[in-house]
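Taking it in order: structure first as structure tokens, then the write-up.
The values are calculated or read from the model by the stated rules, or taken from the named source; none is laboratory data. All figures in this text were calculated on a predicted structure; none of them were measured in a lab. Don't worry about glycine lacking a Cβ; one is built from the backbone with ideal geometry, like all the others, and counts go over all protein chains shown. Protein only, heavy atoms only, side chains kept; ligands, DNA and RNA dropped before computing areas. Shrake-Rupley method; radii C 1.70, N 1.55, O 1.52, S 1.80 Å.
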Amino acid sequence: MRRLPSLNGLRAFEAAARHGSFTGAAAELHVSQAAVSRMVKLLEERLGFPLFERRANALTLTERGRALHPTLTEAFDAIAHRVDRVSAMRSGPVLTVGLGATFAVRWLIPRLSGFHMAHPEIEIRIATGGGSAPMSDEWTCAVLIGDGRWPGYEAEHLFSSNLQPVCAPSLARTLRRPADLRTATLLHVSHWAADWPRWLAASGAGAPDSNGLSFGSYAMTLQAAIDGVGVALAPQPYIMDDIAAGRLAAPFPLALPMESSWYLVYRATRRGAPGFAAFRDWLFELCAA
């Protein structure tokens, strides 16, 4: 068992040492100056040594008082911080959703306010690293892109999509036919290396004159396209908001079906997780729209 002196006395001493007076401590603690003086005096008697040198118009910390004061300040600050964090903890359901970074930034997060408005009691925590990456058991569910086969998991089809070339509007005005892409800078996603060859073959444009530039994600590729670096080929859900806002333009109407689709993936045991049904229903309504 801890053998501690009076916590009220410690609080009174710490406040008085910080303010340099019993008056300042009394105002902070909402007690009288006499009460602070009495609590500090009792603390000193309990400890067996003085903490202040009392003069007519000032308090001066003794050597032991100076040694004790910063430790108490740190301890009380830590307690206050922890209490604030515990008070801020949500009491409602918490769902952790695994997502690919591009899907999160370019599709789900801009629409997430709708779910929050409908279900303010449910906290959604976004964990990136999803997409085509392995499922994590720390996630309540995930939105993954693939063929629908994740052994040991339920996988519900959300939507399929098409790939379409996009670029900055100024660059789009210089592209009149698919063959013009042969001399353009094509922006590739490294782990979807077959996208551009498939689209170019379908359009009859032929092989490009250079290898273009390769990026690690659709997010980086599309940012390069917005900045006028070249022409990207991306799923329509990732580009429709930028096209509507005028940041990107689609120079050609040909859209090639993707070989993979997006799925809601989760373990069957997570189906009854608090808040999961509401999130699932909202997600399917959003995809249908």
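Give region 19-38 a look and list any residue that's buried (at least 16 other Cβ atoms within 10 Å of the Cβ) and touching a Ser or Thr at 6+ places or on another chain (Cβ under 7 Å), or say none. Passing the criteria: Phe22, Ala26. Only one of the listed residues (Ala249, Ala193, Ala201) is modelled with pLDDT under 95 and farther than 19 Å from Gly146 by Cα. That residue is Ala201. All but one of (1) more than 26 Å from Val189 (Cα to Cα); (2) in contact (Cβ under 8 Å) with a residue 12 or more places away in the chain hold for Ala289, so report the exception by its number. Going through (1) more than 26 Å from Val189 (Cα to Cα); (2) in contact (Cβ under 8 Å) with a residue 12 or more places away in the chain one by one, Ala289 breaks only (2).
Pairs linking a residue in region 162-178 that is within 24 Å of Met258 (Cβ to Cβ) and free of Cβ contacts under 8 Å to residues at least 60 places away in the same chain to a residue that is open to solvent by less than 40 Å² (accessible area, probe 1.4 Å) and among the acidic types (Asp, Glu), with Cβ atoms under 7 Å and 6 or more positions apart or on different chains, do not occur.
Any chance region 273-282 includes a residue that's touching a helix residue (DSSP H, G or I) at 6+ places or on another chain (Cβ under 8 Å), closer than 22 Å to Ala201 by Cα and not basic (Lys, Arg)? No, there is no match, as no residue in region 273-282 is touching a helix residue (DSSP H, G or I) at 6+ places or on another chain (Cβ under 8 Å), closer than 22 Å to Ala201 by Cα and not basic (Lys, Arg).
Of the residues screened, Arg66 is one that is modelled with pLDDT of 90 or more, among the charged types (D, E, K, R) and open to solvent by 100 Å² or more (accessible area, probe 1.4 Å).
Okay, residues lined up against (1) of a type in the set (D, E, K, R); (2) under 13 Å from Thr102 (Cβ atoms); (3) in contact with a helix residue (DSSP H, G or I) (Cβ under 6 Å, 6 or more places away or on another chain):
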site	(1), (2), (3)
Trp196	no, no, no
Ile226	no, no, no
Ala232	no, yes, yes
Arg247	yes, no, yes
Pro253	no, no, no
Ser260	no, no, no
Tyr266	no, no, no
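Within the option set Leu175, Leu158, Leu144, being open to solvent by 10 Å² or more (accessible area, probe 1.4 Å) and either within 25 Å of the chain's Cα centre (by Cα) or over 30 Å from Ala207 (Cβ atoms) (or both) holds for one residue only, Leu158.
Residue-wise test of (1) under 24 Å from the mean Cα position of the chain (by Cα); (2) open to solvent by 50 Å² or more (accessible area, probe 1.4 Å).
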position: Pro197; (1), (2): no, yes
position: Ala205; (1), (2): no, no
position: Ser214; (1), (2): no, yes
position: Ala234; (1), (2): yes, no
position: Ala249; (1), (2): no, no
position: Ala255; (1), (2): no, no
position: Trp282; (1), (2): yes, no
position: Glu285; (1), (2): yes, yes
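Selection over region 258-279 of residues that are over 16 Å from Leu144 (Cα atoms), in contact with a Lys or Arg (Cβ under 9 Å, 6 or more places away or on another chain) and open to solvent by 10 Å² or more (accessible area, probe 1.4 Å) gives a count of 2. Among the residues of region 1-58, how many are modelled with pLDDT under 90, basic (Lys, Arg) and over 21 Å from Ala75 (Cα atoms)? Looking only at that region, the number is 2.
The residues listed here are Glu44, Glu123; of these, the one that is of a type in the set (D, E, K, R), surrounded by 12 or more Cβ atoms within 10 Å (Cβ to Cβ) and farther than 26 Å from Val265 by Cβ is Glu44.
Restricting Ile109, Ile126 to those that are of a type outside the set (Lys, Arg) and touching a Leu at 6+ places or on another chain (Cβ under 7 Å) reduces the list to Ile126. Can we say Pro169 is touching a strand residue (DSSP E or B) at 6+ places or on another chain (Cβ under 8 Å) and either open to solvent by 10 Å² or more (accessible area, probe 1.4 Å) or over 21 Å from Asn211 (Cα atoms) (or both)? Yes: the conditions hold for Pro169. Within region 182-195, which residues are open to solvent by less than 20 Å² (accessible area, probe 1.4 Å) and closer than 14 Å to Leu171 by Cα? Residues satisfying the conditions are Ala184, Leu186, Leu187.
Considering (1) farther than 20 Å from Ala26 by Cα; (2) surrounded by 16 or more Cβ atoms within 10 Å (Cβ to Cβ), say which one Phe76 fails and leave the rest. Condition (1) is where Phe76 drops out.
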